[in-house]
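Coordinate-derived values only; no laboratory data. As the structure is a prediction and not an experimental result, all values here were calculated from the model. Reconstructed Cβ throughout: ideal geometry from the backbone, glycine too, with neighbour counts over all protein chains shown.
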């Protein structure tokens, strides 16, 4: 068989290798991992699951560990502009040649075993990490946890950032059911770091049942502000005074605190205090309240796509008011709780522009999105074919001192980034 020769051809190829984009289960991916003789991807491994905050927690974990001089690999998903963003080694995105070599190795090993796009990419990342001499691998769960491809790896520390309603077709319709799926990344007698104060009882029951050592925010570790520029992380017998995260959403201090707890729970070499401070201050992640300025208009991009994330955005808007008008470009995939997202902004004065998104079976037009929104939003919103159309309309209507918020999915932010980077 003739295999693809470049990364774009490989990505097109692996999209066609399984009849569905999501196929929960570990049997196929574990079988191919065995054929690849994959071992542990790094000396130490942290797996990060949860509904919101996974990417930010990975970014904080990676930045702190690198500040301590560790060689770190980070696997995240989805990407914004380039697939290479999903696989970082020592702070750099994997290059095309490395990814092509990894895909080729996975394809050669799988034989007749069918893999989804995500499974293919996960195995490729693990193959690269194992060959990179890493001190730490930080692996982000793609969907759920228990049956996610990343869960073939046994972590030294598992993290669950938050649990909220999302992906209900796959994970269940309430927090308890979703918590059961996410708790599946925990391992017996290993630390399980919980980043929210009120984790579902299903998570705690599972941890107790397998003997995992649950470390809970608000019970086993704490974070609190000192002043506008500093905050404190503490546990029994230890505390750290830290600068405010560069990532500015209200939840980012909680995400940083969770990353610190996970790193401190790792076996072996301890991280020096100054690395925690440097990593917290230096961690960066596109699409998380990412800000631009266009002729005096502030443009803010965020990948938030469920009610919990929308509540965080609404809190940020209320904490950072402006004298001018805030326009919101909202585009969401068809399987998301668009009404719940809009409800989160009920107390914020906004002008809404709705946009269509194209993403296979999950696509929807602006008109379809409007039909799923509360009348108070849909009745006042304008409809636009694409995110580009909506963003350009919002910018044209804005004057210096106004703000444009673009959010709703990774696809939404990616489309907006293309517009903002084009310079047109």
Once label points are set 7 Å from the Cα along Cα→Cβ at both residue 12 and residue 339, what is their separation, rounded to one decimal in nm? 4.1
Between residue 380 and residue 209, what is the label-point separation in nm under the 7 Å Cα-to-beta-carbon projection? 4.7
Rounded, prolate or oblate: which one fits the stretch 21-106, using the alpha carbon gyration tensor with axes a ≥ b ≥ c (rounded when a/c is under 1.5, else prolate when a/b beats b/c, else oblate)? rounded
Going by C-beta contacts inside 10 Å, put 196, 62, 367, 31 in order with the fewest on the left. 367, 31, 196, 62
Among 101, 112, 375, determine the one that fluctuates most according to a GNM of the chain built with springs between C-alpha atoms less than 10 Å apart. 112
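Based on other C-beta atoms within 10 Å, arrange 14, 260 from fewest to most.
On the way: 14 21, 260 24.
Listing 14, 260 from fewest to most nearby Cβ atoms yields 14, 260.
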Residue among 411, 305, 320 with the largest mean-square fluctuation in a Gaussian network model of the chain, springs linking Cα atoms under 10 Å: 320
Given the -39500 (n - 2.57) contribution per DSSP H run of 4+ residues, what per-residue ellipticity at 222 nm results for the chain, rounded to the nearest 500 deg cm²/dmol? -11000 deg cm²/dmol
Highest to lowest packing among 261-269, 63-71, scored as the average C-beta count within 10 Å: 63-71, 261-269
For the chain, give the share of DSSP beta bridges that are antiparallel, in percent and rounded to the nearest 5; count only bridges with both residues there. 35
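Starting from the Cα gyration tensor of the stretch 266-424, take the square roots of the eigenvalues, sort them a ≥ b ≥ c, and report rounded, prolate or oblate (rounded when a/c is under 1.5, otherwise prolate if a/b is larger than b/c, else oblate).
Numbers: a/c = 1.77, a/b = 1.50, b/c = 1.18.
Prolate is the answer for the stretch 266-424, as a/c is 1.5 or above and a/b outweighs b/c.
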Ascending count of other beta-carbon atoms within 10 Å, so fewest first, for 353, 289: 289, 353
So how far apart, in nm, are the two label points at residue 201 and residue 30 if each is 7 Å from Cα heading toward Cβ? 3.0
Mean-position separation - Cα centroids, the stretch 239-255 and the stretch 282-312, in angstrom: 16
The chain, Gaussian network, Cα under 10 Å: of 339, 359, 217, the residue fluctuating most is 359
Separation of the stretch 379-419 and the stretch 9-66 by C-alpha centroid, Å? 32
